[in-house]
Amino acid sequence: MSLTPSLGPVPKELQYGARPKIWFAVYQLLWHLLLPFAFIRLAWRTRHSSEYLNHFSERLGFAYGKTTIQGSVWIHAVSVGETRAAQPLVEAYLARGETILLTHMTLNGRRTGAALFEKAIAAGQLRQVYLPYDLCWSVANFIRAFKPKLGLFMETEAWPTIVFYCADIGLPLFLVNARLSERSARRVNRFGNAGRSLFQAFSGILAQTQLDADRYRSLGVKQVEVVGNLKFDVPLDPSLVQQGKAWKQELHGEQRLMVCAASTRDGEEAIILKAWKDLLLDNTFEIAPLLCLVPRHPERFPEVANQIEDAGLKFRRRTEWIETPKGDAGIDVILGDSMGEMPMYYSAADLVVMGGSLLPFGGQNLIEACAAGCPVVLGEHTYNFQQAALDAIEMGAAKRIQGDFSLSDSVALMEGLKELLLNTAELAKMSSAAKSYALEHQGATQKIMAALENSNELRLRD
C-alpha cells in the first residue's frame, strides 16, 4: 500500500484564511523583530562549540545544496530526546524504502541524529537539516526546496507558520508521539481561538496516552488517536549495555552499589550532591556506594565538575577512562561527561534518580532506564511523563520520593536512597518489574504506521 497521502482539497476550516489574521500578523512581526537576537544567541553559544554557527543558512530556509531530496517523509525531532524517540519510526520508514528528511532545532539533536542514522545518511536515504525559523518566507523556501509528501512532528512541536502553511497547501502534517501536560493545555487555552486553531490545523494528532488525547480534544481537535509512546520501542545499544553490565559486575565484585543521577538539570546537581555527601557521612554502609552524575546538557559538564569539587567529593570524569573506571575504590562520584551513553550508565547502576523531577522541569525519560532493568526514583515533577511515571510506580518499577528538594532540605532524598540501597531484595524486585514494564508497553511504532495508513485511505476515499 502506498504511504503517500493524498494532497487533495484542504478543508475550509484549515485554510490560510481561517487562521487568526491579526494574531498571526503580530506573531510574524515579533519574529522579524527578534531575529537579530536569535543570531546573537547562536553566536553566544559558540563559546561552547563553533558548530552552533554551522549550516546557519538552513535556519533561514536557504542554501541546502545540490543533494536536496524531494518527496520524502519529513520527521521533525527538535533535540536529543525527540531524535532518539523517533529512531524506531525512522527505521520503519527506511525499511519500506522511503527517504527521510530529518529536521532539528538544536545542535545536540543534530549530532544525535548523525550518530543514529550514519549508514542511512551515507547511503543517501536520509538528509539532516535544521528546521527554519518560523518566518513566512523561510518556511516557504524550505517547503519548496524539499517538497515533502508527509510531515511528522515529534511530541510537542507546533510552530504556527509551519503548521498553517502545511494546512494551506494541503501537505499532511501530523503530531506524533504527542503529549500535552495539563499546564500546557491551560496555557494554550489562554490564547483563546488563536491557540486552539493551531492544534486543530494538524491533519491528525497521535497521542501517547488517553490523558494527552483528552487534553487535545479539549482544544477542539477532532482527529486524535491514542497510539502509545515511541520511547518504549527505542532499542538499547547492545554494546553499551554489555559495557555497563561489565562495569556493574566489577562493582558488585567489590560489593559496591551504584546510583545514577541521570539527565540532571540546573539546580538539581547541588541537591543530589548534598544528599550524597550526607549519605556517605552517615556511615551506614560498610562499603560506600558510588554516585554516577550525568548532566542533561553537555555545556554544563565543567560547571558540574566544579560543584563536585566544591562539595568536597572525590570524582573522576567518564572521559578519563576507556572501558570501565579501574581503581575507583577511593572515588565518591563519577561525572558522566559523555553523550549517547545512557544505556551504559543505566546497565551499570543499581538505582536511578531521574533528573528533571526534583525541581519543576517535568522529568526526563524514565523508560530507557526501565528497559535496562534499572529501578527508578522520581521526584514530584513528572508532568512530561505523567502516565509513564504513574504506570511505572503502579508496576513497582519506580518509587516517588515526596519532599521539598532544596539545598536546605535534602534529607528526604538521602533517606529515600539509603532505604533502597540497604534493601537489595527490593532493588531486585524493582529491577524485574522495570523490565516487564518496558516490554509490556512496546508497539507504538506499528500503531502509528497503521494510523497514518488508515488516514491515507480515508483521504483517498474523500
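The values are calculated or read from the model by the stated rules, or taken from the named source; none is laboratory data. Bear in mind the structure is a predicted one, so any value in this text is a computation, not a measurement. Don't worry about glycine lacking a Cβ; one is built from the backbone with ideal geometry, like all the others, and counts go over all protein chains shown. Side chains are part of the model used for accessible areas, which takes the heavy atoms of the whole protein and leaves out ligands, DNA and RNA. Shrake-Rupley method; radii C 1.70, N 1.55, O 1.52, S 1.80 Å.
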Here are L293, L313: which of them is at pLDDT 95 or above and over 26 Å from G362 (Cα atoms)? L313
Hits in region 410-423 (condition: free of Cβ contacts under 8 Å to residues at least 40 places away in the same chain and open to solvent by 60 Å² or more (accessible area, probe 1.4 Å)): E415, E419, N423
Is at least one residue of region 216-227 open to solvent by less than 10 Å² (accessible area, probe 1.4 Å), touching a Phe, Trp or Tyr at 6+ places or on another chain (Cβ under 8 Å) and part of a helix (DSSP H, G or I)? yes
Applying the selection to region 35-44, what residues are within 24 Å of the chain's Cα centre (by Cα) and in contact (Cβ under 8 Å) with a residue 60 or more places away in the chain? A38
Can you find, within region 175-201, the residue that is farthest from the chain's Cα centre (by Cα) among those that are within 26 Å of D391 (Cβ to Cβ) and surrounded by 21 or more Cβ atoms within 10 Å (Cβ to Cβ)? F199
Of (1) touching an Asp or Glu at 6+ places or on another chain (Cβ under 9 Å); (2) farther than 20 Å from N384 by Cβ, F164 satisfies every one except (1)
Filtered residues of region 110-137 (kept if surrounded by fewer than 21 Cβ atoms within 10 Å (Cβ to Cβ) and assigned to a helix (DSSP H, G or I)): R111, A114, A115, E118, K119, A120, I121, A122, C136, W137
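To keep it simple, each residue is scored yes or no on (1) polar (S, T, N, Q); (2) surrounded by fewer than 16 Cβ atoms within 10 Å (Cβ to Cβ); (3) modelled with pLDDT of 95 or more; (4) touching a Ser or Thr at 6+ places or on another chain (Cβ under 7 Å).
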{"residue": "E309", "(1), (2), (3), (4)": "no, yes, yes, no"}
{"residue": "L378", "(1), (2), (3), (4)": "no, no, yes, yes"}
{"residue": "F385", "(1), (2), (3), (4)": "no, no, no, no"}
{"residue": "G396", "(1), (2), (3), (4)": "no, no, yes, no"}
Residues being more than 14 Å from L175 (Cα to Cα) and in contact with a Lys or Arg (Cβ under 8 Å, 6 or more places away or on another chain): count how many of those fall in region 198-229. 2
Residues of region 360-397 that turn out to be of a type in the set (G, A, S), part of a loop (DSSP other than H, G, I, E, B), within 20 Å of L420 (Cβ to Cβ) and in contact with a helix residue (DSSP H, G or I) (Cβ under 6 Å, 6 or more places away or on another chain), as a count: 5
